[in-house]
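I have placed the structure first, in the form of structure tokens, so that the comments after it can refer back to it.
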Amino acid sequence: MLDQRSVWRAGWLIVVIVAIAALGRWILADGGSVIFTLIMSFLASVTIEPAVSRLSQHMKRGLATVLTLIAVIVATVLFIALFGRLLADQISQLVRALPGLVDRATAYSNQHWGTSLDPTQVLDYLDLSPGQIQSVVTNVAGGLLGVVLSVAGAFFSLFTLGLFTFYFSADAPRLRRWLARLFPAHRQEIVATVWDLAVQKTGGYVSARIVLATICGSLSGIFFLIIGLPYWLALGIWTGVVAQFVPTIGTYIAIAFPVLIGLLSPRPITGVLALAFALVYQQIENLTIEPQISAKAVDVHPAVSFASVMFGAALFGVAGALVAVPMAAMMLALFDIYTRKYELLPQLAEPVPPPPKPPSPPRQEPSSGVKGWFARTFRSA
């Protein structure tokens with residue numbers, strides 16, 4: 001094993017491995033933004049797949065993709081035109097007001113609950129120093145030149161994202177066939193199943209969440225505006241997005257922030273009204289709206305959903321958190337399809353509930369004699 005030929009082979013193998021690792025690191029360092037754009041474009045194409053599939057039944061798939069993208073762009077432009085400036089102003093005002101909210105919250109806690117919280121330490125723990133707050137306010141509500149430069153810088157990225165999204169969506173069937181050709185015949189069925197599950201789970205989940213977030217955010221913002229809650233538009237969007245895209249605990253996190261701001265405002269009743277609205281709306285959504293919209297969405301245990309979101313966010317940030325739940329659902333579905341299952345031992349099987357007791361026969365009342373006369377008399381009474 002230590003002859004000259006084997007040593008040379010091992011040395012060249014190490015050189016090749018190091019070269020491949022260096023090449024991969026260089027690609028990720030210099031081309032990471034392009035790779036991220038491709039990944040987000042593919043996810044966007046999967047998200048609009050339900051709408052494109054329905055439209056493609058009546059027209060060419062390319063035209064269906066173009067119409068769907070135009071509808072998304074028009075909706076985004078209309079929202080920015082109607083509420084963009086108001087949203088930026090409210091976010092900047094909310095960020096400026098955070099230190100005051102923390103001061104009032106800590107004072108209330110120290111006075112009523114006997115705590116000894118220091119507002120400065122709380123702000124440092126939340127990473128909300130005055131310099132950082134001023135930087136956020138400047139970036140959110142900057143001057144006209146800053147806005148123009150930001151729009152010009154983002155235009156090329158958005159154009160690239162939209163172009164690749166169009167290609168991925170319009171050529172999805174051809175891309176599926178090309179990917180299947182890379183595998184032998186006995187593996188092509190698995191490739192097709194993985195592709196279909198990815199499109200179904202991811203597209204269905206994200207589409208359903210977007211619709212539910214739009215409904216929840218719109219109704220919440222309108223209600224906050226009616227009751228006079230400060231920063232109603234920003235808090236409405238916060239409530240819709242967090243409640244729908246953070247599994248299990250998102251509903252509680254989403255409404256806690258508006259309720260806290262309402263309770264600490266000059267009119268604390270707005271916080272109570274916001275909490276009451278959230279409780280009522282959540283019941284209505286769970287019973288009527290969500291079952292209709294999420295009928296074909298993913299079905300994952302809440303603990304698995306929460307763990308997958310944390311894992312996806314730790315690896316890939318917001319994009320990873322967004323697709324973590326459908327990816328987990330896809331892997332569970334593949335595991336359920338392609339794994340062999342065995343019969344459980346009797347002591348491990350799920351206990352069978354006892355059969356229900358048969359209904360007792362109706363009691364026969366005497367029809368004659370003294371007992372019968374008393375029974376008929378009291379029953380008529």
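Quick note: the coordinates plus some simple rules give every number you see, no bench work behind them. Because the structure is predicted, anything quoted here is derived from the model rather than measured. Cβ: placed from backbone, ideal geometry, glycine included. Neighbour counts: every protein chain shown.
Modelled label-to-label distance, Ala185 and Trp8, 7 Å Cα→beta-carbon offset: nm?
Using points 7 Å along Cα→Cβ, the separation is 4.4 nm.
Once the piece of chain linking Ala22 and Gln283 is laid out straight, how much longer is it, given 0.36 nm per residue of separation minus the C-alpha distance between them?
Full extension from Ala22 to Gln283 adds 88.5 nm.
Using the Karplus curve 6.51 cos²θ - 1.76 cosθ + 1.60 with θ = phi - 60°, work out ³J(HN,Hα) for each residue of the stretch 87-93 in order, rounded to whole Hz, and write x for Gly and Pro.
Result, rounded to whole Hz: 5, 4, 5, 5, 5, 5, 5.
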